[in-house]
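Each remark here refers to the structure printed beneath this line.
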Amino acid sequence: MEKTMTQTDTQVKEKNKIKAQTETQTESRAEAQENEYVWKNGHPTEEEVLCQSSCMGFFRLFNNLRKQRGIKLEQLVNGVMTRRMLSTIIKGDGYFSRECWEFLMHRMGALTDYFEAIVSRKELEDWREREDICLLVCESPKEARTKLEAYEKAHPKMTSMAKLFCLKIEWLLKKETASPQVLYELACEAVCCTVKEEWQEQLSGLWLAPAELEAILLVSWSLGLLGETEKALFLFHQVWNYPKKKGWEDRMTQLLCPQAALVGMQLYQKLGEFQKAFDIGNSALELLRAQNSQRYAYPLFLSLIDVGEKLKKTNRAPENLQQLKDFRDAFQVVYQENHLPCMRVWQRGSVENCYDVSLVLKRMRLSLEKSQEEICIDENGNEFLQARHLSRIEKGENRPSKENFQLLTKKMGRTLDWIMPILETDSIETLSMRQDMIYLTNMRKWDEVQKILDVLCKKMGTEACQKPRIQQEIQSIDAMSLFRMKMILPKEAQKREEKALAFTFPLEWLSRKELPFLKREEGMIIGDIANLYGIMGNIECAEKLFQKLYDVYHPQQQFLKINAPACSVILAEYSKFLGDVAQYQKTLEIDQNNLEHELAAYYIVFSGELLYNKAWDYYELDKETYKDAYRREFICAQRFAEFCKNEMLVDFFEQRAKKYLK
């Protein structure tokens, strides 16, 4: 076996070397051609190009981050696209697919949650097809195999990133039947889809995305199956330590850490080092809990409980063993109730902040109550787009060109772009601090929210704080935190929220029969306004506004089968409002629908509240008939709040326990 492994290692290294040389030659030719073009045509510098781009804000941030990380453009794009292809996209002459820009941002160690993107229907359908495979691969492998083959047949010319995904799924499907040697070679092939440099000796010199590091974990797993435990552990630690060496923040690390922990736990158990295995798994689980993430949480529960029981036999039982069992039981109940597998694969990223361009344009047109023919005429009375072409766009059959997209959105009163940072900033650190505020807002830690808000304003400076989306964010967070701390009355909070909304969204649009496309923060603010109407007793206004919001988010929710972040919050507030006016059956339907789609994404920050809402719905509908149901939902709500370390919610549930558990 040792001889076979040595030969395989040599073959793989030689293969990688040849591929790397070929790629370098190709890249060098492309660069030479580009340099020649620059010399002949004298086109602008990179910074000037960025200012002319249609995605100016994103590319400026993208470039700043690359320079800050000290990454050469060739290093960043190697194995994904050519340098020239990226330059073409930056100039505005190409389309930057969601799959591609997300992958490159991940290579730089940056989350894509900080951006909103408008993408083609086809891209979202591709994501949905892969997601369906991920849901099946662990518990229904035959169905997963059928869907994988259908996906590969429908995509004969795959990107290197899609090929990487397919090979990782292939590895998982063959795990129980193929030989360790076959699995090893398959895992190496997956890595080489996008990694063109030498990777088996040292990873810290490379710029890799979580999806690529996952493939390297499969190599480590395969080596363990081959009995090459020392080599397997070397690769595992390379991956395990990678996020820290590259300075990833915890929100980014959770995309990789849990699956790395599962591999590491297996390897250390083979060596009989059960405490080491438990510590690795437990640290990954604590990271997930701090991020309110369920990525691979259930398999971690199972592995930790298994190792914990082995430690118990040697009188070293972990203190949190019973808590782990409680988490496992609650998650299993909730998954089964919502028709989700307990064991599944998670894709590298999410489409929570992505919007189908077809739905965006159609909603904006319907909000104006205009026909397709009317929308296709410019201010001079000239037709810039044929109505039948717009019809195909709205059906999801075509994606509009950059020019037509800008003309259509401008005609309908909105300034939109394909990729939009949530705030007008060139700093990923600023966007990260903004996310910290949102997290603390969800945890109802209003004092801490105000502290970060003050720091953020000082960091950005007075001029930057006047930008519309930044000012909107500041004033909205300030209004709701002051209201929740009971420092201002509902009427004052409503006025402040309306003022915040008006920075990007004319208030008269609220009176339209249908709302137009909403950016994330706009939807949240309108939800707050509707909720404040309800608190002040203006039931009619509250219900109308909530229904309009529901009409905005429901179509995309049904299409993607996951919630947008704003959708979770808005529907939760809507259900509370309906509960206050005793419409419990409708409330239950909304809460169930909201929970199902919330659980389909990896952030579960609102799941505890949604489970409690269901318990409340059942109790108010008929507390005798639904006694088992509301007790079950309440216990699960307690466990989910505990998992997410939501202290406020845990305390609230303790106060309500007598009502639901007596």
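The values are calculated or read from the model by the stated rules, or taken from the named source; none is laboratory data. The structure presented is a predicted model; accordingly, all values stated were derived computationally and were not measured. Virtual Cβ from ideal backbone geometry, glycine too; neighbours counted across all protein chains shown. Just so you know, the surface numbers come from the protein's heavy atoms only, side chains and all, with ligands and any DNA or RNA stripped out. Shrake-Rupley method; radii C 1.70, N 1.55, O 1.52, S 1.80 Å.
Here are some notes:
- Restricted to the range 183-259, the set of helices (runs of 4 or more DSSP H) holding at least 3 residues that are without any contact (Cβ under 8 Å) to a residue 60 or more places away in the chain and within 26 Å of the chain's Cα centre (by Cα) comprises 210-225, 229-245.
- Enumeration of residues in the range 277-299 that are polar (S, T, N, Q), open to solvent by 10 Å² or more (accessible area, probe 1.4 Å) and touching a residue at least 60 places away in the same chain (Cβ under 8 Å): GLN291
So that you can scan it fast, the table gives a plain yes or no per residue for (1) of a type in the set (Asp, Glu); (2) under 26 Å from TYR114 (Cβ atoms):
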| position | (1), (2) |
| --- | --- |
| GLU521 | yes, yes |
| MET536 | no, no |
| TYR553 | no, yes |
| GLN557 | no, yes |
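One line per residue, one yes/no per condition, for (1) modelled with pLDDT of 95 or more; (2) of a type in the set (Val, Ile, Thr); (3) open to solvent by 20 Å² or more (accessible area, probe 1.4 Å):
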{"residue": "LYS174", "(1), (2), (3)": "yes, no, yes"}
{"residue": "SER179", "(1), (2), (3)": "yes, no, yes"}
{"residue": "GLU185", "(1), (2), (3)": "yes, no, yes"}
{"residue": "CYS188", "(1), (2), (3)": "yes, no, no"}
{"residue": "GLN200", "(1), (2), (3)": "no, no, yes"}
{"residue": "GLU212", "(1), (2), (3)": "yes, no, no"}
{"residue": "TRP221", "(1), (2), (3)": "yes, no, yes"}
{"residue": "VAL239", "(1), (2), (3)": "yes, yes, no"}
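- Selection within the range 114-153 - modelled with pLDDT of 95 or more and among the small types (Gly, Ala, Ser): SER140, ALA144, ALA150
- Exactly one residue among ASP326, ASP356, ASP378 is crowded, with 20+ Cβ neighbours inside 10 Å and among the acidic types (Asp, Glu), and that residue is ASP356.
- Subset of the range 612-662 (residues that are outside any loop (DSSP other than H, G, I, E, B), among the basic types (Lys, Arg) and surrounded by 13 or more Cβ atoms within 10 Å (Cβ to Cβ)): LYS614, LYS627, ARG631, ARG632, ARG639, ARG656, LYS659
- Matching residues, the range 64-96, being touching an Asp or Glu at 6+ places or on another chain (Cβ under 9 Å) and part of a loop (DSSP other than H, G, I, E, B): ASN78, GLY79, THR82
- Of the helices (runs of 4 or more DSSP H) lying entirely inside the range 300-393, those carrying at least 1 residues that are farther than 28 Å from GLN557 by Cα and touching a residue at least 40 places away in the same chain (Cβ under 8 Å) are 321-337.
- Taking the listed residues ALA542, ALA500, the one that is crowded, with 23+ Cβ neighbours inside 10 Å and at pLDDT 95 or above is ALA500, with no other qualifying.
- Flag if GLN294 is at pLDDT 95 or above, farther than 19 Å from GLN322 by Cβ and in contact with a strand residue (DSSP E or B) (Cβ under 9 Å, 6 or more places away or on another chain): yes
- Total residues in the range 425-436 satisfying the condition of being over 16 Å from PHE606 (Cα atoms) and either of a type outside the set (D, E, K, R) or modelled with pLDDT under 90 (or both): the figure is 8.
- Among the criteria (1) within 30 Å of LEU610 (Cβ to Cβ); (2) open to solvent by 60 Å² or more (accessible area, probe 1.4 Å); (3) modelled with pLDDT of 90 or more, the one TYR439 does not fulfil is (3).
- Tally of residues being touching a residue at least 60 places away in the same chain (Cβ under 8 Å) and open to solvent by less than 20 Å² (accessible area, probe 1.4 Å) across the range 160-172: 3
- Of all residues in the range 610-641, those being farther than 16 Å from VAL333 by Cα and touching a residue at least 24 places away in the same chain (Cβ under 8 Å) number 7.
- Of all residues making up the range 480-491, the number that are more than 30 Å from the chain's Cα centre (by Cα) and either in contact (Cβ under 8 Å) with a residue 24 or more places away in the chain or open to solvent by less than 10 Å² (accessible area, probe 1.4 Å) (or both): 3
- Some residue of the range 492-506 being assigned to a loop (DSSP other than H, G, I, E, B), of a type in the set (A, V, I, L, M, F, W, C) and in contact (Cβ under 8 Å) with a residue 40 or more places away in the chain: no
- The one condition in (1) among the β-branched types (Val, Ile, Thr); (2) touching a residue at least 40 places away in the same chain (Cβ under 8 Å); (3) within 30 Å of GLU394 (Cβ to Cβ); (4) not in a loop (DSSP other than H, G, I, E, B) that ILE477 fails to fulfil: (3)
- The range 58-105 - residue that is acidic (Asp, Glu) and surrounded by 18 or more Cβ atoms within 10 Å (Cβ to Cβ) and, of those, farthest from the chain's Cα centre (by Cα): GLU99
- Within the range 138-159, not a single residue is assigned to a helix (DSSP H, G or I) and in contact (Cβ under 8 Å) with a residue 60 or more places away in the chain.
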